[in-house]
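Colleague: One structure follows; several queries about it will come next.
The values are calculated or read from the model by the stated rules, or taken from the named source; none is laboratory data. Just so it is clear, the structure is predicted and the values come from calculations on it, not from any experiment. Cβ atoms come from the backbone with ideal geometry, glycine included; neighbour counts cover every protein chain shown.
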Amino acid sequence: MADGASAGRVVVVAQDGSGAFSEIQEAIDSAKPGDTIVIKAGHYREDVVVHSKDRLRLVGESRDTVTILGLKRVGAFRIGKWPYGAHDIEIRDLTISENGGLAVGIFNGSKILLTNIRVQGQLYVQQAKDVRIEKSLLGGSETIGVSFSDAQGEVVGNEIRDNDYGIKIAGNSDVRIENNVIANSLYEAVVFQSGSKGAVVGNRLVKNGGGIVVHAGAQANLKDNIIPSR
């Protein structure tokens, strides 16, 4: 992984029984530090939780063929769980669909990378640090596409579309928002609420109800963002 630690096992999840596991959660529960879980094509209707794990990679066969749908809990995919965290976790090349209004929740974790994923619903980050969300398609939330609360991270090179709000930064958060396309938000594309801080650099904001709002008591560096005229 990114810290250069030695590689672990490669474990395959396949619904047809050809892998070591047929369910993603079973593979996560058995994983050791440094392991990579490869998820074969399929629609996985299960609640997936990664907690009390270090140096773990979950890699889908492709973003278009692997979908996690959730089952019983709000939020189909969770990283970190009170009071347990997760450290150095990478999720890539898959789709996560909302369950109960939340698709992905990251809680009490650190060094979390989401790359080349599709999130259908809200992605919520709370009390986590060093979270990077990149090169992904995020949208379709009836509330907020990407939300940070008392958290630290980066949102870089994504398409964030068709949400009520594109991105909201709240609480004691520090978030850099860079080189994203944020489009078709019903209301504002980006909102910094009181107490939060960060930067909004080089984004393209298209056909949103509003642009970038920085509330009193928030701090944000705004630079080189493009808002085409309608």
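Condition check ((1) basic (Lys, Arg); (2) over 22 Å from residue 136 (Cβ atoms); (3) in the same structural domain as residue 141 (by TED's automatic domain parsing)) across all residues:
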| position | (1), (2), (3) |
| --- | --- |
| 30 | no, yes, no |
| 35 | no, yes, no |
| 46 | no, no, no |
| 53 | yes, no, no |
| 62 | no, no, no |
| 77 | no, no, no |
| 87 | no, no, no |
| 90 | no, no, no |
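Colleague: Report the residue count in the stretch 166-186 for those that are surrounded by fewer than 24 Cβ atoms within 10 Å (Cβ to Cβ) and farther than 23 Å from residue 101 by Cα.
Modeller: So the answer is 5.
Colleague: Scan 86, 151, 76 and give me the residue that is among the aliphatic types (A, V, I, L, M), in contact (Cβ under 8 Å) with a residue 12 or more places away in the chain and within 21 Å of residue 169 (Cα to Cα).
Modeller: Criteria check complete, one pass: 151.
Colleague: If you scan the stretch 88-109, which residues turn out to be at pLDDT below 95 and either within 21 Å of residue 38 (Cα to Cα) or over 13 Å from the mean Cα position of the chain (by Cα) (or both)?
Modeller: Across the stretch 88-109, the qualifying residues are 99, 100, 101, 108.
Colleague: Taking residue 189 as the residue in question, decide whether it is among the hydrophobic types (A, V, I, L, M, F, W, C), crowded, with 24+ Cβ neighbours inside 10 Å and part of a strand (DSSP E or B).
Modeller: Judged against the criteria, residue 189 is a match.
Colleague: Could you pull out the residue among 64, 88 that is acidic (Asp, Glu) and in a loop (DSSP other than H, G, I, E, B)?
Modeller: 64
Colleague: Please indicate, with yes or no, whether at least one residue in the stretch 132-141 is closer than 19 Å to residue 193 by Cβ, assigned to a strand (DSSP E or B) and of a type outside the set (Val, Ile, Thr).
Modeller: Checked the stretch 132-141: no residue is closer than 19 Å to residue 193 by Cβ, assigned to a strand (DSSP E or B) and of a type outside the set (Val, Ile, Thr).
Colleague: So, one more: Name, by its number, the condition in (1) outside any loop (DSSP other than H, G, I, E, B); (2) without any contact (Cβ under 8 Å) to a residue 24 or more places away in the chain that does not hold for residue 112.
Modeller: Single failed check for residue 112: (2).
Colleague: Tell me whether the stretch 36-47 contains one or more residues that are touching an Asp or Glu at 6+ places or on another chain (Cβ under 7 Å), of a type outside the set (Phe, Trp, Tyr), under 21 Å from residue 133 (Cα atoms) and in contact (Cβ under 8 Å) with a residue 12 or more places away in the chain.
Modeller: yes
Colleague: So, in the stretch 119-134, how many residues would count as being under 9 Å from the mean Cα position of the chain (by Cα) and not hydrophobic (A, V, I, L, M, F, W, C)?
Modeller: 4
Colleague: While we're on this one: Among the residues of the stretch 136-155 satisfying the criterion of being hydrophobic (A, V, I, L, M, F, W, C) and over 14 Å from residue 114 (Cα atoms), which is surrounded by the fewest Cβ atoms within 10 Å (Cβ to Cβ)?
Modeller: 144
Colleague: Scan (1) surrounded by 24 or more Cβ atoms within 10 Å (Cβ to Cβ); (2) assigned to a strand (DSSP E or B); (3) in contact with a Leu (Cβ under 9 Å, 6 or more places away or on another chain) for the single condition residue 163 breaks and write down its number.
Modeller: Looking at each condition in turn, residue 163 falls short on (2).
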